[in-house]
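The values are calculated or read from the model by the stated rules, or taken from the named source; none is laboratory data. This one's a predicted model, so the numbers in the text were calculated from it and none came from an experiment. As a convention, Cβ positions derive from the backbone with ideal geometry for all residues, glycine included, and neighbour counts pool all protein chains shown.
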Amino acid sequence: MDIQDPKFWRAGAVSSTVVMLVVLAFLTIDSLEATRAGGRQVPNYDVINQKIGYAYDWSRRLDVPVIGGAEPLFDKPYTLAEATAQIRLGKLVIQSRACMDCHTFFGNGAYYAPDLSKAWLDPAWSQIWMPMTGAKTRADAMVLFLKHPERYPTWTRRMPNLSLNDEEARAVVAYLKWMSSVDTNGFPENFGLIRGRE
Amino acid sequence: MTPMALFATATALGLFVLSGGAYGVLYGAGSLRSSRLLTRAGYACYGLQLLLLLAVCLAAPLAGLWKVFLIVSGITYGFIPPATWRLLHALHHRSEAEP
Amino acid sequence: MYRSQRLAVRYFTAAIALFGIMTAAGLLTAAYYLQPSLLYNVFDFQMAKILHINTLVIWLLMGFIGAVYWFLPKELEHEVVGIRLAEILFYVFCAAVAVVAVVFILVQYGSSNQFSMWFINQGRKYVEAPRWAALGIVVVVLTFVFNVVATAVRARRMTGILWVLMLDLVPLSVLYLDAFPQITNMSHDLYWWWWLVHMWVEATWEVLIGCLMAWSLMELLGTSRRIVEAWLYIEVMLVLGTGILGLGHHYFWIGTPQYWLSIGGFFSALEPLPLLGMVVHAIYDAGTHRMQTTNRPAFCWVLAEAFGNFIGAGVFGFMMTLPQINLYSHGTQWTVSHGHFAFWGAYGCGIIAIVYLVLQRTRDARFFDSRAWKWSFGLLNFGLVGMVGGLLIAGIAQAVYERAQGGSTLQAFVVATESPWFQSGMYVRLAFGVVFALGYVVLVYDLLTIGKRAPVAATQVVSA
């Protein structure tokens, strides 16, 4: 073992890289399975028909999504195929409008606007935007806001109008509802549990 | 974790690595100039690194295994500057000796 | 000078120009934080940010490509094979970048259809460029890889550094395929996206800059090939040994299994160790040559690279990498502070060092010095450190007020942003951003003028 010989270190470089890549490959297979829609961490897209909450799990010592009973989105239950189509459109809207360049999704993106991982659960919808828009439901308030954010500002920093039509806005709302059901190992902590006015 | 614990732990961890870096720089400079003062300053920085490690182990809200890991990595930091120096020295001398 | 080296100079020129656009766009993004109504619904934050981060990626990539085109023919003592095609593609590359930028500025975004993905904006961070441009980048990179491999084959030579580079270019190119898919499932999307981003900036790019620094040290200090090769292998072993599973520090919160908190945290926390080795190596090199070099700016930028990499990526990264901390720092300006420091230290400084090295050769200046490089070195680094400091203050305020105390709702986001600490941090960031921009202007002046004055006596050598 001649540590002054570059070949020794070359062998070290090759072996450490190969070992790590093999471990990564195994972990990737498991992670992709866990995170597919319907996997153990990520509910399938028809979860948008159900009530989604967020509560502390003492066994895991972190906050986890709680999937509850029926709570149709926009008053209509979606079949799995319909929900999948909505979610697919929602993601395409999010990408085409580059939402990730102001907002974060699971904390990834840009930091000029709030994180949207649990936006569906944000108290601001019922406390601020439902009264402001006159909408009867949270989902309707979200649609009205997304279509015309310039009409419903709550702050000096305003969201621009990104020309969303009704169908696109609904798809984004569906996407945000689905996203809030993903088990993100407790991120963000205490979301919506620090309550202001109910 | 309380906000103060968050701030204190993160700062301690950053300073932990920074003092490791200072140890590396001063150890190297001391070896270059054969200066005991500089080398001792380097060891002092390593001492600071270990103190920060102790503070984290005693006060930071981290689980036991994480603290064990930090202790092991703290010990490893101690070996890196002298080991790197010796290796570089050996590589250079071997290179000069050979045509 | 080989034709490929002339091409290298063109790449560096484009890279430095894009660096300037990146800086201007960065100043604009900083301004929005302090003047939120700025250009509202005309040119919003997200478009300025897109320009800022895309020019970041492209200027560094152009710097890497230019550097390889410079060193490759010298390494193999053979003109680069396929150089004509590479020369044409350089202009195609520049034109494509310009078109993408114009579309970003004038059109900005499209409707929710594949046309938008192909021609306007894909909306995934760092890879927003539409698919047609991504295809163009693939063509440029594949041609570049062909240039490297074909030249080695034609020259019938291989060196250790070149082996490492060629092997590194394979994953570097393949990973870029993640710039194309449009994945519905956000967890899957982010899983693969991090393969591209992390395995570029914390793996393949690290190896690439390692190869370039190896060549640079041979030129700058006359270090023997055996030493730089051994060191390169050590670097690869440690950087990839920690960085491949260090990828897991991006898998804490995206819906992936909980074991990533342990695995990612553990390997990520080991990532500063090779960087400490690089700092010690930099001291060794500086000292054994008693700071004597005929190219002080290049040498100083190489030192800045070692230290900047260690502090920006190592210290700042370690501060926020444990999952217990990251739960609060995630998605805040804390990340931004680390990101700016790490990119600058790990790559920006290195590219600038190589540009100075190249200029000494192209201007045939035996002794290469000026006053302006010292000013630009000071302004750029001081500006960068100041920016990072401001962002760190703002980021910690966000971590405390928004995440730890506020529960990350919209209200918590507003409270954190309105806090005096956050606001002060943003003012500090912009002020130092202006300092950095001034440094850039001086850098450009220096790059245009250094070494062009009357030659100094060949025997003059500078000591520390």
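The table below gives the values:
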| quantity | calculated |
| --- | --- |
| Any hit, the range A:40-57, residues being closer than 30 Å to C:Val103 by Cβ and assigned to a helix (DSSP H, G or I) | no |
| Complete set of residues in the range C:137-164 that are buried (at least 20 other Cβ atoms within 10 Å of the Cβ), more than 14 Å from chain A (Cβ to nearest Cβ) and over 17 Å from C:Gly66 (Cα atoms) | C:Ala152 |
| Odd one out for C:Thr204 among (1) away from every other protein chain (no Cβ under 13 Å); (2) under 30 Å from A:Glu33 (Cβ atoms); (3) polar (S, T, N, Q) | (1) |
| Residue match in the range A:3-22 (condition: facing another protein chain (nearest Cβ under 7 Å), assigned to a loop (DSSP other than H, G, I, E, B) and under 30 Å from C:Val207 (Cβ atoms)) | yes |
| Tally, over the range B:16-47, of residues that are more than 20 Å from C:His338 (Cα to Cα) and either free of Cβ contacts under 8 Å to residues at least 24 places away in the same chain or not in a helix (DSSP H, G or I) (or both) | 17 |
| Test: residue in the range C:341-361 that is buried (at least 22 other Cβ atoms within 10 Å of the Cβ) and not in a helix (DSSP H, G or I) | no |
| So A:Leu121, is it under 14 Å from the mean Cα position of the chain (by Cα) and either at positive phi or not small (Gly, Ala, Ser) (or both) | yes |
| Test: residue in the range A:170-178 that is closer than 20 Å to A:Val47 by Cβ and charged (D, E, K, R) | yes |
| Among (1) farther than 18 Å from C:Ala30 by Cβ; (2) touching a residue at least 60 places away in the same chain (Cβ under 8 Å), the one test that C:Thr335 misses | (1) |
| Residue list for the range B:48-69, restricted to those being closer than 19 Å to C:Val315 by Cα and without any contact (Cβ under 8 Å) to a residue 40 or more places away in the chain | B:Leu48, B:Gln49, B:Leu50, B:Leu51, B:Leu53, B:Leu54, B:Cys57, B:Trp66, B:Lys67, B:Phe69 |
| Of all residues making up the range A:24-56, the number that are within 11 Å of another protein chain (Cβ to nearest Cβ) and acidic (Asp, Glu) | 2 |
| Some residue of the range A:42-58 being among the small types (Gly, Ala, Ser) and more than 24 Å from A:Leu164 (Cα to Cα) | yes |
| When residues of the range C:220-232 are limited to those that are surrounded by fewer than 24 Cβ atoms within 10 Å (Cβ to Cβ) and facing chain A (nearest Cβ under 8 Å), the one farthest from C:Tyr328 (Cα to Cα) | C:Arg226 |
| Set A:Ala34, A:Ala83: member being touching a residue at least 40 places away in the same chain (Cβ under 8 Å), surrounded by 15 or more Cβ atoms within 10 Å (Cβ to Cβ) and out of contact with any strand residue (DSSP E or B) (no Cβ under 7 Å at 6 or more places or on another chain) | A:Ala83 |
| Which listed residue, of B:Leu13, B:Leu65, B:Leu54, B:Leu50, is assigned to a helix (DSSP H, G or I), facing chain C (nearest Cβ under 10 Å) and modelled with pLDDT of 95 or more | B:Leu13 |
| Test for C:Leu357: is it over 25 Å from A:Pro188 (Cα atoms) and out of contact with any Cys (no Cβ under 8 Å at 6 or more places or on another chain) | yes |
| Selection count, the range C:29-39, where residues are surrounded by 18 or more Cβ atoms within 10 Å (Cβ to Cβ) and either part of a loop (DSSP other than H, G, I, E, B) or over 19 Å from the mean Cα position of the chain (by Cα) (or both) | 3 |
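Results for (1) more than 23 Å from the chain's Cα centre (by Cα); (2) not in a loop (DSSP other than H, G, I, E, B), shown as yes or no for each residue.
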residue: C:Ala48; (1), (2): no, yes
residue: C:Ile53; (1), (2): no, yes
residue: C:Leu61; (1), (2): no, yes
residue: C:Phe64; (1), (2): no, yes
residue: C:Val80; (1), (2): yes, no
residue: C:Ala86; (1), (2): no, yes
residue: C:Val103; (1), (2): yes, yes
residue: C:Phe115; (1), (2): yes, yes
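For every residue, the table says whether it meets (1) within 30 Å of B:His92 (Cβ to Cβ); (2) of a type outside the set (A, V, I, L, M, F, W, C); (3) in a helix (DSSP H, G or I).
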| position | (1), (2), (3) |
| --- | --- |
| C:Ile137 | no, no, yes |
| C:Thr143 | no, yes, yes |
| C:Val149 | no, no, yes |
| C:Arg154 | no, yes, yes |
| C:Leu162 | yes, no, yes |
| C:Gln182 | no, yes, no |
| C:Leu190 | no, no, yes |
| C:Met213 | yes, no, yes |
| C:Thr223 | yes, yes, no |
